[in-house]
Each structure stands twice: as C-alpha cells, then as structure tokens.
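Down below is the structure, laid out as structure tokens.
The values are calculated or read from the model by the stated rules, or taken from the named source; none is laboratory data. Computed from a prediction, not measured in an experiment: that's the story for all the values here. Ideal geometry is used to build each Cβ from the backbone, glycine not excepted, and the neighbour counts take in all protein chains shown. These area figures cover heavy atoms from the full protein model, side chains too; ligands, DNA and RNA do not enter into them. Shrake-Rupley method; radii C 1.70, N 1.55, O 1.52, S 1.80 Å.
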Amino acid sequence: MPSYRYEARSAGGKVTAGVIAAATLAAASQQLRERGEYILSLAPAQESARKKSFNFNISFGPGARDVQNFTSQLAVMIRAGISIRAAIEGIAEQAANPKFKEILVQMKRDVEAGKPFSDALQRHPKVFSPLYINMVKASELSGGFSRMLDRIAGYLAQQIETRSMVVGAMIYPGIIGAMAVSTTIFLLVFVVPSFKEIFKGKEAALPAPTKLLNLISEFMVGNWYFLLIGVVGAAWGFVLMLRTDWGRMWFDKTKLTIPLFKKLFRALYISRGLHTMGQLINAGVPMLDTISITAEISGNQLYRRMWRTVYSAVKQGKKISSPLQKSNLLPRSVVQMIGAGEESGKLGEVLDEVSDFYSRELRAVIKSVTAMIEPLMIIAMGSIVGFIAMSIILPIFKLSQLVK
C-alpha cells in the first residue's frame, strides 16, 4: 500500500510529522481528519535512494503532459482539503522532469510569499498558457478552484489527444514517403550503375526510358554532394521562411487548400478555437480576453486574423457573429449557432456542443485520410520502382531479340 508523509497540527496546537499508509491520497487525508488533526502538508513518500540513483541528468523542458498531470493531481489534492502550498510541494517532490520540478518549487515559494496562484503561474508563460492563467484567475474571483482545475485538466487532455491524432495521421505517410525516396536513391545509385557494364557499347539500341534512367543515375552518382547540400539548404530555407510572417501565411493558406488535408486542418482549427472559447466563457473570463486568447492559440494565421477581426468588432460594441458572417473560414451553420447562442445567453454551451461535433468530425477525417493515403502511397512507390525495373528489364529483352 502506498505511503504518504504528513505534517499535522492537533486540536491542542501540537505539530506532528510522520508517514501514513493509505490506498489513495484522499484516503490518507481522511484518516488524518478522523484523528482530529489539521493537515499542514501531505504528499507521497519519496522514492528510495536506489531508484533515484537511476535518474538521468539530461532533461527536457516541461511539456503539455507534465502540465496536464500536475493540474489533475492538484485538483485532487485541493478537493482532499490540502493547502495549495502543500499540494504544490508534494507534486514537486514526485515530479519526474527536473526543470518542471524547479518551476513548481518556485511557484510554492511565490504562494508562501502571499501571491495568488495565478500570479505564480504568470511567472512561467512558456509553460502555462494565457488560457490556463486566465481560467485560474477567474476561479480565484468566483470560487470553485478544484472544479476549474478539473476543467483545465480535461481541456489539456483533449488538446493532447487531438495533437496526438494529427501527428499520428502524418507519421504513416511520412514513413512510406521516406521509404520510397530511400528505395529510389538506392536503386539509382547502387543498382542501376551495375547494369551499365551489360549495356556498354549498345547505348544506341537502348530504349528511351533506360537512357533517361542512366542519365539520372549518372547525375546522382557524380553530383551527390551537390544534391545533399541542396536538400539541406532547401530544408533550412523552408524553416527560415516559416519564421517570417509571409512564409507562415503562405504555409497556413497551403494547408487549407491541399485536397487531401484541407478538411482535416479545417476541422482541427475550428474545434480548437471554439473549444477554447467555450471553456473560457464558461469559466467567466471577460469576452475580450477570451477572444484574444482564442486568436493566439488558433494555430493558423488566417484563423488568427479572423479572431482578431472579431476582437476589434466586439471592442466597438458589435456581436461576435457579425464579423464572422463575412468570413469563409467558419461554416454558415456554425456562425448561425454562435449568433443564436449570443441571443439566448448560452454562448458557452453552444460553443461546447459545436466543438464536440468538430472533434468527432476530426477523428472521422483522420481515419478517412489515413485510409486514403495508404493506397495512394503504395501506388506512387510501386510506380517509381516499376519504372526503374521496366527500364532495366526492357533493354535486356530487346537485346536478346537482336541476338536471335
């Protein structure tokens, strides 16, 4: 059974410390309360020194999964009656990521100094997003801190799942594409040149596909270093281009025009934007802050521009649906539902329902895209390998006929 270290104060004011065995953190908290003790701190017991000796010194910055796990644990501990300072300390002690552990320790110090939890979060903007901070700040003003943490954890879990699905959908075609390119290079550089000796002196009798294949093979063998430099330079140039405003805009436009992927990215951006907006509205975050945060997390320059236009319109006293009607980035039906939500005062609920619909559509689109990519990549790879094989075999048949 797990063990938990605790510090508690009795009714007489005496402070005690020790280790208690319980099935869960909440059960340990309940046992201490039944004794009539006030919990000062409660956290899982530290791992043994033997286990700690296997930790690696190399560490990476905290990721979305670290933040999501921290939020879930914090919600449970706050519900169990543990103070936020003690809860952060307990989570920090068992944090696997050293950098994230340092951040949690600093947050604990800020809370001990009397700062609100949201202010402690704001000191780490690269780890905790504006959405996270604003939802926490709203809960500090309205109450229901643990419920808000549960909502934030659910939001982060869905975003992680969505990102994993999209990345997973891209991995398969990437692997197939890499195999196709590698196989083609291997055939052109190592296999085709070995047949040149067979065809030596008979170049005039070779068919056009074989001549073309020999020219490509000779060029690759003789200029491979230039090709390598060109590929690396093109990749680096593409990365630099994406760091510019026009390059990012071009890439974001391209993602929404590629026949096979445009539906996938469209569903992703709509689901992400509306889900974020719904969560912030339901949390009580001011509307202008909600729209501003939605624009920043949209993930696409076109959608970011659309939400910034909405921000300007709302700032002037207009409704959210007014500027959206002039944009083609959201379906008419979605804009109509947003307008209806504004009129009825249930905009947050409407946005949650619409985002859930597009989340389901995103899953369906990912499955259909993956199913379509597989045969297309196989056909493309088969065509390339088939052309090379035909170009090698065809002159052999032709030369054997000439010999007869």
Matching residues, segment 311-345, being more than 19 Å from Leu268 (Cβ to Cβ) and either among the basic types (Lys, Arg) or in contact with a Leu (Cβ under 8 Å, 6 or more places away or on another chain) (or both): Tyr311, Val314, Lys315, Lys318, Lys319, Ile320, Lys326, Arg332, Gly341
Any hit, segment 141-164, residues being hydrophobic (A, V, I, L, M, F, W, C), exposed (fewer than 13 other Cβ atoms within 10 Å of the Cβ) and out of contact with any strand residue (DSSP E or B) (no Cβ under 6 Å at 6 or more places or on another chain): yes
Identity of the residue in segment 6-32, at pLDDT below 75, more than 40 Å from the chain's Cα centre (by Cα) and surrounded by 12 or more Cβ atoms within 10 Å (Cβ to Cβ), that ends up farthest from Ala92 (Cα to Cα): Ser10
Top-ranked residue of segment 80-97 - restricted to ones that are open to solvent by 10 Å² or more (accessible area, probe 1.4 Å) and assigned to a helix (DSSP H, G or I), ranked as modelled with the lowest pLDDT: Glu93
Positions within segment 274-289 being of a type outside the set (S, T, N, Q) and open to solvent by 30 Å² or more (accessible area, probe 1.4 Å), in sequence order: Ile281, Gly284, Pro286, Met287, Leu288, Asp289
Number of the exception - Ser298 against (1) part of a loop (DSSP other than H, G, I, E, B); (2) small (Gly, Ala, Ser); (3) open to solvent by 10 Å² or more (accessible area, probe 1.4 Å): (3)
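Let's see how each residue does on (1) in contact (Cβ under 8 Å) with a residue 40 or more places away in the chain; (2) more than 27 Å from Ser368 (Cβ to Cβ):
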{"residue": "Val232", "(1), (2)": "no, yes"}
{"residue": "Ala235", "(1), (2)": "no, yes"}
{"residue": "Leu240", "(1), (2)": "no, yes"}
{"residue": "Met249", "(1), (2)": "yes, yes"}
{"residue": "Asp252", "(1), (2)": "yes, no"}
{"residue": "Phe261", "(1), (2)": "yes, no"}
{"residue": "Phe265", "(1), (2)": "no, no"}
{"residue": "Leu268", "(1), (2)": "yes, no"}
Any hit, segment 123-130, residues being in contact with a helix residue (DSSP H, G or I) (Cβ under 6 Å, 6 or more places away or on another chain) and either of a type in the set (Gly, Ala, Ser) or assigned to a helix (DSSP H, G or I) (or both): yes
Output for segment 229-260, where each listed residue is open to solvent by 40 Å² or more (accessible area, probe 1.4 Å) and of a type in the set (D, E, K, R): Arg243, Asp245, Arg248, Lys253
Residue ID - nearest to Met135 (Cα to Cα), chosen from residues in segment 301-329 that are in contact with a helix residue (DSSP H, G or I) (Cβ under 7 Å, 6 or more places away or on another chain), not hydroxyl-bearing (Ser, Thr, Tyr) and not in a helix (DSSP H, G or I): Ile320
Residue match in segment 337-352 (condition: surrounded by fewer than 17 Cβ atoms within 10 Å (Cβ to Cβ), under 27 Å from the mean Cα position of the chain (by Cα) and either over 30 Å from Tyr172 (Cα atoms) or aromatic (Phe, Trp, Tyr) (or both)): yes
Subset of segment 98-112 [surrounded by 17 or more Cβ atoms within 10 Å (Cβ to Cβ) and within 23 Å of the chain's Cα centre (by Cα)]: Phe100, Lys101, Ile103, Leu104
Contacts under 6 angstrom Cβ, first residue in segment 336-350 being more than 19 Å from Gly317 (Cβ to Cβ) and part of a helix (DSSP H, G or I), partner of a type outside the set (A, V, I, L, M, F, W, C) and open to solvent by 30 Å² or more (accessible area, probe 1.4 Å), 6 or more apart: Gly348/Asn282
Among residues of segment 192-218, those that are loosely packed, with under 14 Cβ neighbours inside 10 Å and either without any contact (Cβ under 8 Å) to a residue 12 or more places away in the chain or small (Gly, Ala, Ser) (or both), counted: 9
One residue from Ser271, Ser292, Ser333 being part of a helix (DSSP H, G or I), surrounded by fewer than 16 Cβ atoms within 10 Å (Cβ to Cβ) and among the polar types (S, T, N, Q): Ser333
